[in-house]
Amino acid sequence: MTVGYMKDVATATSFTFLRLLFRWRGSVWKAIYWELFLWLFLFVNIRTIYEFLLFNTENGKIFEQIVMRCRSITSQSRTVITFALGFYVSFVTNRWWNVFMTIPWPDTTALQLTAFLRSRGKKFEQEDRTERQTIMRYLILSYVLVFRDVSIRIKKRFPTYDHLTPTLMTLEERQKLEKTKESRHWVPIEWALLILKDAEKRGCIDSYHLAEVTTSILQYRQRLHDILSYDWISVPLVYVQAVNICTICYFLILCFSSQGINADATEKLYHSIIPIHAVVEFVVFNGWLKTAFVMLNPFGLDDDDFEMDILIERNLMISLCYVNDFFDKPPRLINMTVKLPHTIQSAAILSKANPMHGSAVPVKVPKQQQKLLNMKQTNMMTKMMAPRASTTNLMPKVKFDAMEDPNVERIPRGPDISKKEIDAKESHIFKKEDLEKVVLKLLEKKLGDDKVEDKLISQRTQSLSLEEPTQDETIPLSNPITKPGTGGGGADKKGGDKISREKVPTKHTPKQTSTMSKVEPKISSRQNSDKKNSSRRKVKKEPSTEKIEPTQLD
């Protein structure tokens with residue numbers, strides 16, 4: 001498996017990285033030391049040739065031009081190489097992790113066999129045990145057959161079927177496997193399913209649990225097939241070659257651009273024996289590339305490759321332990337008080353741990369702020385928090401009226417349009433003509449209400465102004481009123497002076513009621529003329545032939 005270092009980084013301190021920096025197995029130093037030595041050897045030889053053979057010569061000037069050109073190339077291509085390596089390593093790392101998560105584990109199937117298979121008593125105890133053990137042995141055999149074709153470690157451990165015959169499969173099983181040229185990996189899984197089918201016929205397992213175990217075994221087989229697929233379909237070779245060639249060419253150019261020339265007399269950085277900056281850059285980029293190389297095939301012999309032989313030993317041991325040692329042997333039931341103990345160190349750590357409750361739990365509210373608001377304050381807060389009215393609140397009403405209006409044109413229903421689509425379109429989509437009809441309908445309704453209200457107001461006004469006089473207000477017929485100076489004599493005149501105001505028909509001015517005070521002056525000129533004519537007709541019915549002036553009454 002990969003090199004373990006989790007204990008060293010369990011607690012992060014300032015010196016944690018130093019513990020990892022100087023480790024050798026699986027480190028970047030072990031991965032790149034040979035390439036770094038070769039690059040430094042090339043760098044020193046080029047520098048030596050320039051210093052002793054090309055300095056202050058025509059060829060030396062050409063070499064200096066080459067160095068300047070390489071410096072411009074490295075400054076421009078540094079970003080390109082960073083992105084190329086970054087995407088490549090990210091892709092390979094994801095693939096490496098997915099391969100490991102695809103590796104199957106037989107633990108689930110072993111536990112299902114332990115739980116679902118029934119024991120037939122002591123008489124068939126050995127037979128039932130052999131049956132369970134054979135099923136798990138077939139699963140491990142299929143596991144080994146797959147990884148023999150994928151992992152170099154397993155191939156070196158089991159180079160032929162002879163190395164599997166005495167321990168993992170019988171001679172008869174070997175002969176049957178050798179007869180099948182294709183799909184040898186899945187033949188043991190088929191044998192395991194046949195054993196389960198026979199167990200169902202004997203009543204050792206019901207159909208529902210048989211389906212559960214079968215599903216688990218088939219998922220196990222599918223994961224093994226995915227491992228083969230990862231080995232058959234690898235990362236495209238052109239991608240691997242392009243990234244590696246790009247990186248190699250970059251470091252060859254870097255080897256020239258890091259050389260010190262005559263033009264760099266004032267800069268001591270280029271005249272150092274070992275280019276520190278270039279070495280750091282080489283370690284970072286080349287170490288990045290080596291990481292992707294190690295992860296391309298995790299079933300090899302690298303330090304970070306998967307140790308499949310150890311996984312096979314572990315799976316075989318766990319499987320046989322489940323179906324043999326732990327089958328139908330639960331411990332006695334004991335009523336006990338469950339309480340976890342603590343050591344001095346664990347108690348000290350627990351005292352600093354997170355209490356695992358809400359962040360607002362320790363917050364305390366003062367008693368003065370815990371008082372409830374009265375009803376008036378509550379209503380005020382409700383009004384402040386209520387949303388303001390807007391014209392959008394009228395839209396559902398307009399939609400409802402438009403849908404009930406028979407004059408509104410509905411969307412025709414075609415053969416390919418469902419009823420739900422028609423309802424959705426009719427309830428959310430209106431044409432311009434439909435909206436105009438709805439608005440006109442609302443305006444007509446409003447104008448009709450105004451006309452009815454005006455008519456009621458005019459009728460009320462006429463009834464109050466043209467009310468008939470009572471007997472106290474009627475002038476008796478025996479005392480006709482004549483104009484002064486006519487043939488009535490002085491007696492008539494005197495009698496006319498004695499007439500009281502109360503017996504003269506007067507025009508009533510009704511008191512304004514609350515409804516009249518609210519009515520605006522909306523009576524037209526036609527209504528005023530009708531009112532005058534009706535008052536004149538009422539006066540003609542009186543016995544008096546002349547109109548009494550207000551001055552005469554006084």
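The values are calculated or read from the model by the stated rules, or taken from the named source; none is laboratory data. Just so we're clear, the structure is a prediction, and the values are computed from it rather than from any experiment. No Cβ is skipped: glycine too gets one built from the backbone with ideal geometry, and neighbour counts run over all protein chains shown. The area values use the complete protein model at the heavy-atom level, side chains included, leaving out ligands, DNA and RNA. Shrake-Rupley method; radii C 1.70, N 1.55, O 1.52, S 1.80 Å.
Just the residues that are farther than 26 Å from PRO275 by Cα and among the aromatic types (Phe, Trp, Tyr), please, taken from the range 1-58. Of everything in the range 1-58, those that are farther than 26 Å from PRO275 by Cα and among the aromatic types (Phe, Trp, Tyr) turn out to be TYR5, PHE15.
Remark: pairs (first residue in the range 1-29, among the hydrophobic types (A, V, I, L, M, F, W, C); second residue loosely packed, with under 12 Cβ neighbours inside 10 Å and in a loop (DSSP other than H, G, I, E, B); Cβ separation under 9 Å; 6+ apart in sequence or on different chains) = VAL3/ARG25; TRP29/PHE22. Mind checking which residues of the range 217-235 are in contact with a Lys or Arg (Cβ under 8 Å, 6 or more places away or on another chain) and outside any helix (DSSP H, G or I)? Passing the criteria: only VAL235.
Conditions (1) out of contact with any helix residue (DSSP H, G or I) (no Cβ under 6 Å at 6 or more places or on another chain); (2) part of a helix (DSSP H, G or I), marked per residue:
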| site | (1), (2) |
| --- | --- |
| LYS122 | yes, no |
| GLN126 | yes, yes |
| PHE147 | no, yes |
| GLU172 | yes, yes |
| LYS176 | yes, yes |
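PHE299 falls short of the stated requirement of being under 26 Å from CYS204 (Cα atoms), touching a residue at least 12 places away in the same chain (Cβ under 8 Å) and assigned to a loop (DSSP other than H, G, I, E, B). Right, ASP264: modelled with pLDDT under 90, surrounded by 16 or more Cβ atoms within 10 Å (Cβ to Cβ) and among the charged types (D, E, K, R) or not? Answer is no for this residue.
Taking the numbered list (1) at pLDDT below 90; (2) closer than 30 Å to ASN59 by Cβ; (3) surrounded by 14 or more Cβ atoms within 10 Å (Cβ to Cβ) in turn, ASP302 passes all entries but (2). Of all residues in the range 107-123, how many are open to solvent by 70 Å² or more (accessible area, probe 1.4 Å) and within 16 Å of GLY203 (Cβ to Cβ)? Qualifying residue count, the range 107-123: 3. Among the residues of the range 201-211, those identified as surrounded by fewer than 16 Cβ atoms within 10 Å (Cβ to Cβ) and either part of a helix (DSSP H, G or I) or among the aliphatic types (A, V, I, L, M) (or both) are LYS201, ARG202, SER207, TYR208, ALA211. Can you tell me how many residues within the range 169-188 are open to solvent by 60 Å² or more (accessible area, probe 1.4 Å), among the acidic types (Asp, Glu) and under 20 Å from ARG221 (Cβ atoms)? Number satisfying all stated conditions: 1.
Here are GLN377, GLN368: which of them is open to solvent by 100 Å² or more (accessible area, probe 1.4 Å) and modelled with pLDDT of 80 or more? None of the others qualify; the one that does is GLN368.
Only a single criterion out of (1) more than 28 Å from VAL280 (Cβ to Cβ); (2) touching a residue at least 40 places away in the same chain (Cβ under 8 Å) is not satisfied by LEU237, namely (2).
Among the residues making up the range 87-97, those that are touching a residue at least 24 places away in the same chain (Cβ under 8 Å) and of a type outside the set (Phe, Trp, Tyr) are VAL89, VAL92, THR93, ARG95. Can you tell me which residue is most open to solvent (accessible area, probe 1.4 Å) among those in the range 124-168 that are free of Cβ contacts under 8 Å to residues at least 60 places away in the same chain and of a type in the set (Ser, Thr, Tyr)? Here the answer is THR167.
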